[in-house]
Amino acid sequence: MPDITLYTLPTANNAKISSLLELLNISYEYRFLDVSKMEHKEPWFLKICPNGRIPAIIDHRRNNFAVWESGAIMLYLAENYDTEGRYLPKDPKARSEVIQWIFFVNTGLALTLGQLSHFLNNAPEQVPYAIQRYSDEVTRLFKVLEDRLEGREYLVGNTLTIADINALPVVRTTVVVGFTLAPFPRLQAWTERVRADPQILKSLRPPSGEPDMIEQLEQDITKKEVIFGPSRKIIEQQFKQERILLAQYCNV
């Protein structure tokens, strides 16, 4: 049995976890959830992740301990498997910096890019105010990263850490929302630098090794509708089913 079971889908949040698993040489297996069948809301999965979202892991080496939320998983894996402190520094100040940048990405950039992608690609109608609001905020957050990378190759210290591993898959999703990193040359160079690691490149792709959604769009943006058309229907169905569950819960 592998050390870790990763419950996930081929998303940016998945790539964060699989990247660190690959770099730390931890044996793991994928368990892809069928969100079209609301598998992530089934009782067995809610015992693993009460929020009913992916990713989540089970650590079989530690009495099948469950961890959910991508940032929490990154920290858990680093604390328990990175004994040499290669990707999570042991120095308290450097460690704090790494955690700060993880929080910045997960609670700011990832959330904002996700909302922008929803209103651009999945919303049943265009909402210009929302699109402008989130576009401006993505630009501001990219500027924060651009400024941080002045005079440095990585977000913290002079080496790759989980701050970079956590951020790369999120920054890569810019193509989904029609952004380019050209106005942010340091951020663009950082992206190319981090993704050049063979183990990270492997983890960005599905188990088949074929290009993931982001790579496909980078190669041919006209594939966008082919990719998002089916997902739009799944999301609409998901919203309807979740509204039913919420109504039942609230006795509405």
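The values are calculated or read from the model by the stated rules, or taken from the named source; none is laboratory data. What you see is a predicted model, and the numbers here were worked out from it, not measured in a lab. Here the Cβ is made from the backbone with ideal geometry for all residues, glycine too, and neighbour counts use every protein chain on show.
Taking the conditions (1) crowded, with 21+ Cβ neighbours inside 10 Å; (2) in a helix (DSSP H, G or I) in turn, GLN199 satisfies each one other than (1). State whether one or more residues within the stretch 166-178 are in contact (Cβ under 8 Å) with a residue 60 or more places away in the chain, in a loop (DSSP other than H, G, I, E, B) and more than 22 Å from MET74 (Cβ to Cβ). No. Can you find even one residue in the stretch 137-158 that is in contact (Cβ under 8 Å) with a residue 40 or more places away in the chain and farther than 25 Å from THR180 by Cα? Yes, the conditions are met somewhere in the stretch 137-158.
Considering (1) surrounded by fewer than 20 Cβ atoms within 10 Å (Cβ to Cβ); (2) under 19 Å from ASP197 (Cα atoms), the lone condition that LEU21 does not fulfil carries the number (1). The set of residues in the stretch 24-58 being out of contact with any Asp or Glu (no Cβ under 7 Å at 6 or more places or on another chain), polar (S, T, N, Q) and loosely packed, with under 13 Cβ neighbours inside 10 Å consists of ASN25, ASN51. When restricted to residues that are more than 18 Å from TYR154 (Cα to Cα) and not in a helix (DSSP H, G or I), the stretch 47-105 contains 21.
Cβ-Cβ distances below 7 Å connect the following pairs, each with a first residue in the stretch 77-98 that is over 15 Å from ARG61 (Cα atoms) and modelled with pLDDT of 95 or more, a second residue that is part of a loop (DSSP other than H, G, I, E, B) and of a type in the set (Val, Ile, Thr), and a separation of six or more residues or different chains: TYR87/THR161; LEU88/THR161; PRO89/THR161; ALA94/VAL156; GLU97/VAL156; VAL98/VAL156; VAL98/THR161. Scan the stretch 33-45 and give yes if some residue there is at negative phi, at pLDDT 95 or above and among the charged types (D, E, K, R), otherwise no. For the stretch 33-45, residues at negative phi, at pLDDT 95 or above and among the charged types (D, E, K, R): absent.
Considering the stretch 32-46, the residues that are assigned to a loop (DSSP other than H, G, I, E, B) and of a type in the set (A, V, I, L, M) include one that is farthest from LEU9 (Cα to Cα), namely MET38.
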